[in-house]
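The values are calculated or read from the model by the stated rules, or taken from the named source; none is laboratory data. Keep in mind that what you see is a predicted model, and the values were worked out from it rather than measured. In this analysis, Cβ positions are derived from the backbone assuming ideal geometry, glycine residues included, and neighbour counts consider all displayed protein chains. Heavy atoms of the whole protein, side chains included, go into the accessibility calculation; ligands, DNA and RNA do not. Shrake-Rupley method; radii C 1.70, N 1.55, O 1.52, S 1.80 Å.
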Amino acid sequence: MADERQDLKPATRMVHAGTTRSAFGETSEAMFLTQGFVYDSAEAAEARFKGDDPGFVYSRYANPTVEMFEQRMCALEGAEAARATASGMAAVAASILCQVSAGDHVIAARALFGSCRWIVEQLLPRYGVETTLVDGTDPKAWERAVKPNTKLFFFESPTNPTLEIVDIAHVVAVARACGAKTVIDNVFATPLLQNPMVLGVDIVVYSTTKHIDGQGRCLGGVVLGPQDWVDEHLHDFFRHTGPSMSPFNAWVMLKGLETLPLRVAQQTKSAGAVADFLADHSAISRVVYPGRPDHPQANIVPKQMSGGSTLVAFDVKGGKRSAFAFANALEIVGISNNLGDAKSLITHPATTTHKNLSDQDRAELSIGGGTMRLSVGLEDAQDLIADLDRALAAAG
Ligand SMILES: *Cc1c(COP(=O)(O)O)cnc(C)c1O
């Protein structure tokens, strides 16, 4: 059956993997909008709860539509097990909290999505977990931060918003040397452009709100890891804290996976063209795109990514004033903090997603007044370039 064959290529697996059909034999994945399940007898309920009979019990634990999505994500990631969550942040929080205890130490790259940074800097210390933030692009910084109680390494690559690259194999080596686990937030790379488990990362998390939905509809997240890690750490935490994904959202995400390879390929191609256009423009002082040879970590990119990303970061000359005038003059590209959407979206991180950081923290991440993050959508690349060109001219 095509839903189980592991020799098939990702595009094929994203259409078929994990499908389970009901007695009606429906073509499209069924949406099981149910909280619970009924049993044929009291004995059957008893057997289900004992684990003697493998069926479903309650949708906080598992649901047929959600499980189809989890299975399809496992096929894409090459993971043994997955749990889908209500949002990307629920996935990040669960992946960290389920495995640390008071007295443990966590090392994280300082270039993190804002809410991820809050978990590391604000939440974990409240529960007695020590944390250290490092410059993820400095290989030595990871080694220097290790302590006898280091339990976990957490990072993104490419990072939000300035697309810094962390050397994944290096971080894995440092973590393994001290017996710690690695968790990567792989949203910016997407499962198609970067496969962290092949590089030795233990746990991969996504906000499926981004490219996996890909059309700006539903929130969602997923945690992927080895079966024994899920059994030992995530299983009970997930069941008893209840961050579960809704079956409706899982159905939307399943449909998103069917077109993910096509969308990511097209959006990456367009992002490369947009990055090249911006790099040559006199109103732009800096372009950061992992597919370009002038990226600060261009030597690491080919070791871990098969494409540049669907996002481009750049600085408009003239700081915040010019950046705002430019954003306001765009007609096709929308001003929004979301990303990975079919619609191209632009963000001014300093005043939105990264407004809570201190001036010094922003400077460390090279987020200036003119810095913009562009998520390239599915519009025609030439239309996008014309829109950007016209808006840059209008901003003067
Ligand atoms: C959006 C995002 C998150 C949070 O995901 P939500 O679905 O909004 O909760 C976490 N990490 C990264 C890198 C993101 O882009």
Could you grab the pairs with beta carbons closer than 7 Å, sequence gap of 6+ or different chains, first residue in region 292-313 and farther than 14 Å from GLN267 by Cβ, second one among the hydroxyl-bearing types (Ser, Thr, Tyr) and at pLDDT below 95? ALA313/THR162
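Only one residue in SER375, SER366, SER344 is of a type in the set (Ser, Thr, Tyr), more than 25 Å from GLY136 (Cβ to Cβ) and either at pLDDT 95 or above or outside the structural domain of GLY114 (by TED's automatic domain parsing) (or both), so which one is that?
Working: SER375 fails: more than 25 Å from GLY136 (Cβ to Cβ); SER366 fails: more than 25 Å from GLY136 (Cβ to Cβ).
Matching residue, one of SER375, SER366, SER344: SER344.
Give the residue, chosen from VAL264, VAL312, that is outside any loop (DSSP other than H, G, I, E, B), within 21 Å of the chain's Cα centre (by Cα) and farther than 16 Å from MET372 by Cα.
Values: VAL312 fails: farther than 16 Å from MET372 by Cα.
Selected residue: VAL264, the only one of VAL264, VAL312 that is outside any loop (DSSP other than H, G, I, E, B), within 21 Å of the chain's Cα centre (by Cα) and farther than 16 Å from MET372 by Cα.
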Show me the helices (runs of 4 or more DSSP H) entirely contained within region 24-119 in which 2 or more residues are farther than 28 Å from THR347 by Cβ and in contact with a helix residue (DSSP H, G or I) (Cβ under 7 Å, 6 or more places away or on another chain). 64-77
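What are the residues in region 196-207 that are within 10 Å of the ligand (Cβ to nearest atom) and open to solvent by 10 Å² or more (accessible area, probe 1.4 Å), if any?
Scanning region 196-207 gives a single hit, SER207.
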Within region 262-311, residues open to solvent by less than 40 Å² (accessible area, probe 1.4 Å) and more than 21 Å from LEU384 (Cα to Cα) come out as HIS295, GLN297, ALA298, ILE300, VAL301, GLN304, MET305
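Results for (1) in a helix (DSSP H, G or I); (2) within 23 Å of MET89 (Cβ to Cβ); (3) among the hydrophobic types (A, V, I, L, M, F, W, C), shown as yes or no for each residue.
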| position | (1), (2), (3) |
| --- | --- |
| PRO293 | no, no, no |
| ALA350 | yes, yes, yes |
| THR353 | no, yes, no |
| SER366 | no, no, no |
| ALA393 | yes, no, yes |
So which residues in region 137-195 are assigned to a loop (DSSP other than H, G, I, E, B) and either open to solvent by 20 Å² or more (accessible area, probe 1.4 Å) or touching an Asp or Glu at 6+ places or on another chain (Cβ under 6 Å) (or both)? THR137, ASP138, VAL146, LYS147, PRO148, ASN149, GLU164, ASP167, CYS178, GLY179, ASN195
